[in-house]
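The values are calculated or read from the model by the stated rules, or taken from the named source; none is laboratory data. As the structure is a computational prediction, the values presented were derived from the model and not from experiment. For neighbour counting, all protein chains shown are included, and Cβ atoms are generated from backbone atoms with ideal geometry for every residue, glycine included. For the accessible areas, the whole protein counts, side chains as well, though only heavy atoms, and no ligand, DNA or RNA atoms are used. Shrake-Rupley method; radii C 1.70, N 1.55, O 1.52, S 1.80 Å.
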Amino acid sequence: MPRTLTGALGGASYEIDVPAGWNGTLFLYSHGYVAPGSSNPAQAAPAAFARQWLLDHRYAAAGSSYSSTGWALEAAFSDQMSLLDYFSAHVGKPQRVIAWGASLGGIITAGLLQLHPDRFAAAMPLCGVLSGGIATWNAELDSAYAFKTLIAPSSTLQLTHITNADANRRLAGELFAAAAATPQGRARLALVAALIDLPGWFDPRQSEPAATDYAARLAAQEQWESKVDFNFAFAYREELEQRAGGNPSWNLGVDYSSLLASSPDRDEVLNLYIQANLDLVKDMRALNAGARIKADPAAAAYLDRFISFDGALAVPTLAVHTTGDGLVIPSNESAYAGAVGAAGKSEMLRQVFVHRAGHCAFSPAEIVAALQLLLRRLDTGRWDDAALQPSALNAAAADQGASANQFFGLTLQPSFVTFKPAPYPRPFYKGSPIPN
């Protein structure tokens with residue numbers, strides 16, 4: 001008989017689905033970021049279709065809500081392992097456990113592998129924050145620092161040690177609106193975007209703007225900034241700082257000219273600065289000459305624990321990312337591949353990309369196509385190079401039917417593509433020094 005179990009373990013609710021004739025494999029799902037204080041239900045899968053696909057193929061699914069919201073990694077690691085233990089005691093010990101998760105759940109998935117390598121057989125992080133906590137929040141600091149320095153240096157906008165998240169976010173929005181109203185302000189907003197490699201594509205219903213359509217690409221970057229990223233940079237950082245016991249981020253020693261030079265958005269910035277009759281060299285000097293920010297050592301150590309990556313992958317891992325993700329930029333995959341490569345474990349990792357704007361903007365069919373590929377690797381002991389090709393993945397997704405190839409009501413064509421993400425702007429591997 002199929003079973004659904006729900007309840008709570010400590011302060012975390014859980015959901016478990018067990019099909020009739022369970023085949024012994026459990027998928028443990030880690031959900032994404034939940035804004036501080038928002039509703040936080042348990043999720044056993046990222047989409048109803050994916051959940052039903054698992055059950056139809058006799059896989060069990062489970063997931064915890066975590067016992068806190070915000071940057072909930074510390075709680076998530078504990079709560080997910082408690083759920084895994086509960087499943088073993090009340091359903092049965094799985095023959096193998098596959099960790100998977102989306103967005104913040106992607107970093108949690110990779111963190112579970114690093115902290116408990118003996119408990120998992122494989123993993124699939126979707127749109128994961130795979131650069132790790134320190135690198136992610138350092139990038140947010142870079143964009144916030146550039147925004148204040150170039151747009152409103154005399155404002156009361158707080159970059160760290162935020163005392164009122166809502167007021168700080170409102171002020172950032174007001175400053176953004178004023179900047180976006182002038183060619184000079186828009187050029188500087190493009191520079192802010194370039195320093196953290198924001199894609200010039202926001203709406204999955206529209207085609208990606210041409211590489212030289214700088215106006216359209218900036219318009220998309222402005223939407224990422226104002227509607228998505230500024231929430232983290234100027235508001236949600238408060239929750240992180242409270243959790244970590246201080247500011248865990250720094251920009252000591254950062255050469256912003258070098259960050260711009262390596263950004264895929266560099267030509268856009270050069271063009272828009274010329275159009276606005278602005279001196280880019282002067283602005284870069286201002287960024288490099290500005291007062292730098294130090295991390296609070298204990299807070300940085302906390303964020304390093306929850307979590308930075310050492311790359312020592314012990315099980316097959318398939319990472320999936322969209323090419324137009326402006327919240328968790330695609331170069332998170334470069335950072336993770338770098339850590340894994342430095343640890344000599346590259347054979348354990350494969351990364352595939354979907355050509356689409358949006359954060360975690362996968363169709364259920366694309367998720368299932370990736371799942372099938374990972375399961376084949378687990379069952380055969382080797383990666384199927386032919387099945388890893390975009391054409392094969394797109395065919396596998398199409399086979400799931402039209403109803404599964406939808407996202408937010410949009411009917412989509414499967415869109416796996418060959419893609420090489422840019423280097424992560426400021427990578428940080430576990431064990432790297434924290435300046436003071």
Within the set of pairs 6 or more residues apart or between chains, which connect a residue that is farther than 8 Å from Ser30 by Cβ and modelled with pLDDT under 95 inside segment 100-127 to a residue that is in a helix (DSSP H, G or I) and hydroxyl-bearing (Ser, Thr, Tyr) with Cβ atoms less than 7 Å apart? none
Give the residues of segment 253-302 that are among the β-branched types (Val, Ile, Thr), farther than 27 Å from Pro435 by Cα and surrounded by 17 or more Cβ atoms within 10 Å (Cβ to Cβ), sorted by residue number. Val269
Mind counting the residues in segment 35-45 that are open to solvent by less than 70 Å² (accessible area, probe 1.4 Å) and either without any contact (Cβ under 8 Å) to a residue 40 or more places away in the chain or touching a Pro at 6+ places or on another chain (Cβ under 8 Å) (or both)? 6
Residue that is charged (D, E, K, R) and over 30 Å from Leu410 (Cα atoms), where the choices are Glu225, Glu174: Glu174
Going through segment 348-371 in order, the residues found to be more than 15 Å from Ala404 (Cα to Cα) and either at pLDDT below 95 or of a type outside the set (Gly, Ala, Ser) (or both) are Met348, Leu349, Arg350, Gln351, Val352, Phe353, Val354, His355, Arg356, His359, Cys360
Open to solvent by 10 Å² or more (accessible area, probe 1.4 Å) and out of contact with any helix residue (DSSP H, G or I) (no Cβ under 6 Å at 6 or more places or on another chain): does that describe Leu141? no
Does segment 355-375 contain at least one residue that is open to solvent by 10 Å² or more (accessible area, probe 1.4 Å), charged (D, E, K, R) and in a helix (DSSP H, G or I)? no
Go through segment 404-418 and give me each residue that's at pLDDT below 90 and surrounded by 11 or more Cβ atoms within 10 Å (Cβ to Cβ). Gln406, Phe407, Leu410, Leu412
Any idea which of Ala342, Ala392, Ala335 is crowded, with 22+ Cβ neighbours inside 10 Å and of a type in the set (Gly, Ala, Ser)? Ala335
I need every pair where a residue in segment 288-315 that is under 20 Å from Asp255 (Cβ atoms) has its Cβ under 7 Å from the Cβ of a residue that is among the acidic types (Asp, Glu) and at pLDDT below 95, sequence separation at least 6 or different chains. none
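Taking Gln400 as the residue in question, decide whether it is in contact (Cβ under 8 Å) with a residue 12 or more places away in the chain and either crowded, with 21+ Cβ neighbours inside 10 Å or assigned to a loop (DSSP other than H, G, I, E, B) (or both). Show your work before the answer.
On the way: in contact (Cβ under 8 Å) with a residue 12 or more places away in the chain: yes; either crowded, with 21+ Cβ neighbours inside 10 Å or assigned to a loop (DSSP other than H, G, I, E, B) (or both): yes.
Against the criterion (in contact (Cβ under 8 Å) with a residue 12 or more places away in the chain and either crowded, with 21+ Cβ neighbours inside 10 Å or assigned to a loop (DSSP other than H, G, I, E, B) (or both)), Gln400 qualifies.
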Do we find that Ile107 is in a helix (DSSP H, G or I), in contact with a Leu (Cβ under 7 Å, 6 or more places away or on another chain) and more than 20 Å from Leu195 (Cβ to Cβ) in this structure? yes
Restricting to segment 166-213, what's the tally of residues that are in a helix (DSSP H, G or I) and buried (at least 19 other Cβ atoms within 10 Å of the Cβ)? 17
